[in-house]
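> Before I ask anything, here is the structure I am working with.
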Amino acid sequence: PGAKAKQRSRRRSAMTGLHAARPDTSRAMAAAPPRRRLLAALALLLAADASAEVGDAALRRASHWDEAQSTTKYVAHVMPWFENTTKRVGNHWCDENYGNSFYRSVLGNYGSSEPSVIRKQLLMMKVAGLDGVWIDIQTAEWLDTVRAIVEQVTALGMNFAVVVDNYAEADLVNTLKEPLRELMSMPNYYRVYGRAVLPYYEHPERQGSAQLPSWRSCDGHHLFVIGTFSAHNHTGELPPGYDSMFFWNSPDMEWLEEYYSSTSFKLKVGPVYRGWREAYRNMKQSPPYLGYLGHTLKLVRRHRPHFAQLVTWNDYGEGTMLEPSYLRNLEESGCGDPRDTEWYSETRSCNEILGEPTYNASGRLPACLVGVAVGKPCSGSGQEPCSMVIDCSKPLQPTGGPSAAGCPPGRRSAYEDLADIARAAVGTDMEAATAAMQAIVAGLDPRLHMESSARSRFEDIPSAATAASWRMAALLPAMLCALRAAPPRHV
């Protein structure tokens with residue numbers, strides 16, 4: 001064990017220099033003219049085979065990473081599972097088991113693959129200072145939607161990674177080998193230490209130990225695998241085959257501090273979340289907890305992780321969405337009723353439903369009832385029925401206004417969470433950020449509502465013709481990767 005620990009320590013110290021030794025070139029390539037992007041992409045790919053082993057050796061020799069030079073990249077964890085029709089399986093707006101939610105998006109019940117919707121979502125992310133997206137994938141059936149998102153991400157000069165989520169298929173990471181290699185070949189795919197990142201959302205309760213990738217990216221390098229911190233016995237130890245871990249969502253701030261202070265891995269992915277309020281009809285995972293956005297943003301600013309992951313952009317079923325949203329009218333028809341769920345009990349407390357004390361039982365957190373100050377951490381319902389839990393941070397209408405009955409008086413905004421992130425990430429005034437996002441939803445130019453310093457984030461939005469050229473330049477490495485991976489033809 002001692003020798004293995006020393007080997008792990010040497011491997012970690014060797015990897016710490018990669019940021020300086022092999023800087024991330026995705027931004028530079030995205031900003032270059034189309035012809036230069038095309039030539040750069042071609043040169044990178046043609047040189048990949050010859051440089052792969054040399055590059056890996058350089059990564060092993062690197063020994064220094066200057067944390068002071070690193071800038072946290074804010075990314076949104078996007079769920080691409082929504083359809084704006086009730087005719088398709090897995091429609092998370094109106095599915096019998098997974099379509100329940102206490103919330104609605106300001107964009108309506110959209111389809112995840114709609115280009116106009118994707119563009120509005122990405123433009124709102126740019127207002128909030130986000131660098132890109134991490135796109136969740138649980139099945140090959142989502143690939144078309146993932147590619148639709150990537151196309152818009154590329155057109156807007158943003159970056160992306162694909163999160164392999166093994167909820168439905170244990171060996172998805174190897175089943176999707178070729179599509180993932182193609183996507184990872186794009187110049188705006190996230191790389192750290194010169195290697196394509198593979199965020200891995202693991203479900204050990206369903207699949208056991210995760211199957212790790214048995215392949216390399218098209219440039220010949222091993223992937224930089226970022227596993228799920230909670231899937232590894234809460235110890236924070238870095239198992240073989242992993243390079244880092246990301247923290248997901250929890251009301252336990254001591255556990256989150258343990259993650260940030262872990263010495264088992266250098267690169268951190270700090271979470272940004274508001275809380276949790278799930279509405280599953282057929283299962284229960286956690287009682288509701290709310291009010292964590294301010295604290296998780298403070299921890300990101302304090303610890304300066306390499307990535308800050310918004311957990312999540314749009315998981316409405318679990319109530320974790322940071323996309324602008326509002327409280328759903330529970331009397332509306334057409335979709336599942338969120339009151340027909342495990343947690344909406346008028347007779348039992350959240351503790352009784354869970355079968356064990358929630359975090360407020362020890363007095364560390366108040367119950368999420370009407371008397372709790374908006375934006376302060378809370379958990380469960382105390383001794384009251386679990387149906388008494390209420391979210392006073394959201395308005396009843398997409399245009400803003402009062403919150404639910406019993407909440408403190410005052411006007412709430414559907415854009416408040418994302419505007420708060422804009423203030424924390426890039427210093428944008430919340431009122432200006434809100435106005436810009438409202439303009440985006442209305443199909444207007446957001447720059448008319450932003451300060452001059454904030455408008456610069458929109459200067460790189462190309463014209464339609466230029467965007468088409470950029471997309472071709474970005475897709476070239478993926479096309480050549482696919483050609484190289486294809487088996488030889490015999491005549």
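> Which residues' amide hydrogens lie under 5 Å from the amide hydrogen of GLY275, considering only partners 5 or more residues apart or on another chain, with H built in the peptide plane?
The answer is TYR292.
> Show me the GluC sites (Glu not before Pro) within the range 290-373 that DSSP assigns to loop and that have at most 10 other Cβ atoms within 10 Å of their Cβ.
Qualifying residues, ordered by number: GLU331, GLU332, GLU346.
> Just name one of LEU330, SER261, TYR316: the one whose Cα is farthest towards the positive end of the charge dipole of the range 251-347 (beta-carbon charges, Lys/Arg +1, Asp/Glu -1).
Value: SER261.
> Given contacts defined as C-alpha pairs under 8 Å and at least six residues apart, what's the relative contact order of the range 102-181, whole-number percent?
Rounded, it is 30 percent for the range 102-181.
> Here is a follow-up. Across bins of 5 angstrom width beginning at 0, how are the C-alpha pair distances of the range 258-311 distributed, in whole percent?
With 5 Å bins starting at 0, P(r) equals 4, 18, 22, 18, 15, 12, 7, 3.
> Semi-axes of the equivalent ellipsoid for the range 138-279, please: Cα gyration tensor eigenvalues, times 5, square-rooted, ordered largest first, whole Å.
Each semi-axis is √(5λ); the values are 25, 17, 17 Å.
> For the range 155-196, report the accessible area per residue in Å² (1.4 Å probe, heavy atoms, rounded to an integer).
Accessible area per residue, the range 155-196: 21 Å².
> Taking a 27 Å limit on the Cα-Cα distance, which of the listed pairs LYS126/LYS268; LYS284/LYS394; LYS284/LYS376; LYS73/LYS266; LYS73/LYS120; LYS268/LYS394 fall beyond it?
Distance filter (> 27 Å) returns LYS268/LYS394.
> Hey, can you grab everything whose amide H is under 5 Å from the amide H of LEU223? Only 5+ residues off in sequence or another chain; H modelled, so Pro and N-termini drop out.
Counting only residues 5 or more places away or on other chains, the set is SER217.
> Can you list the residues, at least 5 places off or on another chain, whose amide H is less than 5 Å from the amide H of SER349, using H built in the peptide plane?
Distant-sequence amide H within range of SER349: CYS386.
> How large a share of the accessible area of the range 163-289, in percent, is made up of carbon and sulfur atoms when the probe is 1.4 Å and the other protein chains stay in place?
45
> Wrap a convex hull around the Cα atoms of the range 307-411, take a quarter of its surface area, and give that in square nanometres.
For the Cα atoms of the range 307-411, the hull's average projected area reads 8.1 nm².
> Something else about it: Within the set of other residues whose C-beta is less than 11 Å from the C-beta of HIS203, count the net charge using Lys and Arg as +1 and Asp and Glu as -1.
Residues near HIS203 contribute -3 overall.
> Still on this structure, I have one more. Tell me, what is the per residue accessible area of the range 345-403 in Å², probe radius 1.4 Å?
For the range 345-403, the solvent-accessible area averages 50 Å² per residue.
The values are calculated or read from the model by the stated rules, or taken from the named source; none is laboratory data. Predicted model, so just to flag it, every value in this text is computed and none were measured. All Cβ positions, glycine included, derive from the backbone under ideal geometry; neighbour counts span all protein chains shown. Quick note on the areas: whole protein, heavy atoms, side chains included, nothing else; ligands and nucleic acids left out. Shrake-Rupley method; radii C 1.70, N 1.55, O 1.52, S 1.80 Å.
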